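Here is the structure we will look at.
The numbers here are math on the coordinates, done by the rules we state, and not lab data. All values reported here derive from a predicted model rather than from experimental measurement. Cβ coordinates were reconstructed from backbone atoms using ideal geometry, including for glycine residues, and neighbour counts include every protein chain displayed.
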There are 2 protein chains.
Amino acid sequence: MSTLYDMSPTIDYDAPTPPYQQIAAEIIRDIESGKLAVDRPIPSESTLIQRWGVARDTARRAVRHLRELGFVYTVPQRGTYVRDRTGSETE
Amino acid sequence: MSTLYDMSPTIDYDAPTPPYQQIAAEIIRDIESGKLAVDRPIPSESTLIQRWGVARDTARRAVRHLRELGFVYTVPQRGTYVRDRTGSETE
DNA sequence: TAAGATTTGTGCGTATGTATT
DNA sequence: TAATACATACGCACAAATCTT
């Protein structure tokens, strides 16, 4: 037990950026590093909640932020996936 | 219909404890009184939903609470059962 | 073998109340 | 006042395993 996510990042509540942005930034790193591939799901809300120890509200803010930045797209009742960002930016 | 559970308890939304804890407390009483025996299933989520008139989220919170307190264990796709609490507490 | 019901697991959308900054 | 965060609650939909018919 406890091997997979021992390296999970932690929220820095003293940082200038709010928690939801720290979580989003971490996911962006995983997208740009290829750990999260196009059309593959990003961690679920409950996963983010557990891994970061934040409230659902904060996890949802992070996902919404990623969506607004164009990194992911959400399919209702299914999940949120990495968006293909090659080529045009306008969907 | 309506004879067996006319005496079913009701949620007090003005109480200091949240609904999910009130539901859990009632189940704990049933466990400790012997109405719910070891390795016997506690009411299913849908039963709790109907009997207490709450949302599934609330019913699940109650069950999760019982699990965290060590009163029950859940078998996926089967149900949640009363845990044997005699002897050691550690697993 | 197959269909249907049951039950838990999961994901998402939304809302209210409280607290902190 | 506003933004952020946490806790709680209600609703809907689909998946997967199990059990019944």
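Here is how the numbers come out for the structure above:
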| item | result |
| --- | --- |
| Radius 14 Å from Cβ of A:A59, net charge of other residues (Lys, Arg +1; Asp, Glu -1) | +3 |
| Which of B:I49, B:G70, B:I31, positive extreme of dipole for the stretch B:19-82 (C-beta unit charges) | B:I49 |
| Mean Cβ neighbour count within 10 Å, used as a protection proxy, ranking B:34-46, A:41-53 highest first | A:41-53, B:34-46 |
| Charge dipole (debye, nearest 20) of chain B; +1 at Cβ of Lys and Arg, -1 at Cβ of Asp and Glu | 260 |
| FRET efficiency, 1/(1 + (r/R0)^6) with R0 30 Å, evaluated for A:I11 and A:R40 via beta carbons | 0.75 |
| Chain B: angle of helix B:56-68 to the longest principal axis, Cα-based, in degrees nearest 10 | 30 |
| Net charge of Cβ neighbours under 12 Å - reference B:G79; Lys, Arg +1; Asp, Glu -1 | 0 |
